[in-house]
Amino acid sequence: MSEAETKHLSQGAGAEGSVATQRAALSRLHLIAALVSLVGLADSIYLTVKHLTGETVQCTLLSGCDVVLSSAYSSFMGLPLAPLGAAAYFAVFSLATLAAFGYRGMRVPLLLVVGVMLLMTLRLLYVQAFVLHHYCEFCLLSALVTLTLTGLMLYSIQVPGLKSQVPGR
Amino acid sequence: MKRNLPLLIIAGVLVGAFVVGVLLYRAMKPAPDKTQNNPASMAAPGAEPPHTRGVANAPVLLEEFGDFECPPCGQLYPVLKEIERDYGERLRVDFRQNPLVTMHKHAYDAARAAEAAGMQGKFWEMHDMLYEKQSVWTVAPDPRSEFQNYARALNLNEDTFMRDLVGEMASTRVALDLRRGKSLGVLGTPTVFINNRQLKAEEMTQDGIHKAIEAALKEKGL
């Protein structure tokens, strides 16, 4: 084998190693996103059940759960936010799990869903801070989960060579 | 198998979420009260005690869901005052907070101002003041300072009033009334119930309310 051929093979092995490392890093990110979304899913299921039973939601750390959750802002286009949140978190969990296992075409819908959730979260945070002047800890937990997911998605975009080098199955 | 593993995980989480939801629902669902079967008595109770004017055991109960910033509520206010005078001890009036926060940006603060005054025993005085001065504070740059002026005019302790206005008790009472309204299907304001029967839009006139009260009295043989 010539010196040039040896160098070419060595570079190829290095590139494959780099792609494998990036794939592993990305898988880990998606796996973390899937696990984080389960926290949001549990939170939303609890609030959905409270909504269905019509029970008052009592805050243990803050004092405004009932104010926020019985306000007009607790629904969007006539639909209560809690089940919408549960559906959104389940969608994030599913897409992130599939992406973590290397399924193709999951990242764009995942980014879109998290983007929409971020907008809804920012709206609800604004309403709590400036309209109702009360905070609901379950809504804040959901906001924290969505912000964490947003951070993970932004970080995943920064993984170098992501667009071209991550093969699907 | 490995390719199907994520699908199995997703299906497992979906089933798990559903099962947890059903179990939570069963655990939290209140047991039905078989002794009460009319819709109003099955509704959420609202803030206790309610703000009441008139005799506690009057034969007719008029329950109003109001929003201090809503103009039709302001128009209904003198009508209800007159009706209260007409029926005296035969009528009890309950006021329930129903601020429409998406439409009226100061309604929630006004509701809490009335509750804060109520904590010093002057709910109805503040209620009347808010309706009578509706055209003033709704356009004021800082409605809370207007509410403070009203508290001063009513000889309330201003510091306590301003503290109570943003306190937990006022917001909880408003939230409980809102919950009662929601459970009764109140969609707008003013909404009036007479002996637990919701008046239709066309009945919301002085004459219409009179007729509804007369019918309620007749039902009771009075």
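Values quoted throughout were computed directly from the atomic coordinates according to the rules given, and no laboratory measurement underlies them. Only a predicted model underlies this, so the values are computations on that prediction, with no experimental measurement involved. With ideal geometry, Cβ positions are generated from the backbone for all residues, glycine too; neighbour counts draw on all protein chains shown.
By the combined test of axial Cα extent (at least 27 Å) and Kyte-Doolittle hydropathy (mean at least 1.6), the qualifying DSSP H helices of chain B come to B:5-28. Applying a DSSP loop filter and a limit of 16 other Cβ atoms within 10 Å to the trypsin sites (Lys or Arg not before Pro) in the stretch B:99-135 leaves B:K105. Averaging the Cα positions of each part gives two centres, and for the stretch A:98-126 and the stretch B:146-172 these lie 44 Å apart.
What does the C-alpha gyration tensor say about the overall shape of the stretch B:12-166? Classify as rounded when a/c is under 1.5, otherwise prolate if a/b is larger than b/c, or oblate. Oblate. The B:L8 and B:A140 beta-carbon pair, evaluated with R₀ = 56 Å, returns a calculated FRET efficiency of approximately 0.35.
Between B:K211 and A:T21, the modelled labels are 8.4 nm apart [label points 7 Å from Cα along Cα→Cβ].
Mean sequence separation of contacting Cα pairs (under 8 Å, at least six apart), scaled by the length of chain B, corresponds to a relative contact order of 28 percent. The value given for the protein assembly as shown is a Kirkwood hydrodynamic radius of 24.6 Å, derived from the mean inverse Cα-Cα separation. Centre-to-centre, using Cα atoms only, the stretch B:65-120 and the stretch B:186-201 are separated by 13 Å. Placing a label point 7 Å from the Cα of B:T52 along the Cα-to-Cβ direction, the residues of the stretch B:81-102 whose backbone N falls under 20 Å of that point are B:81, B:83-98.
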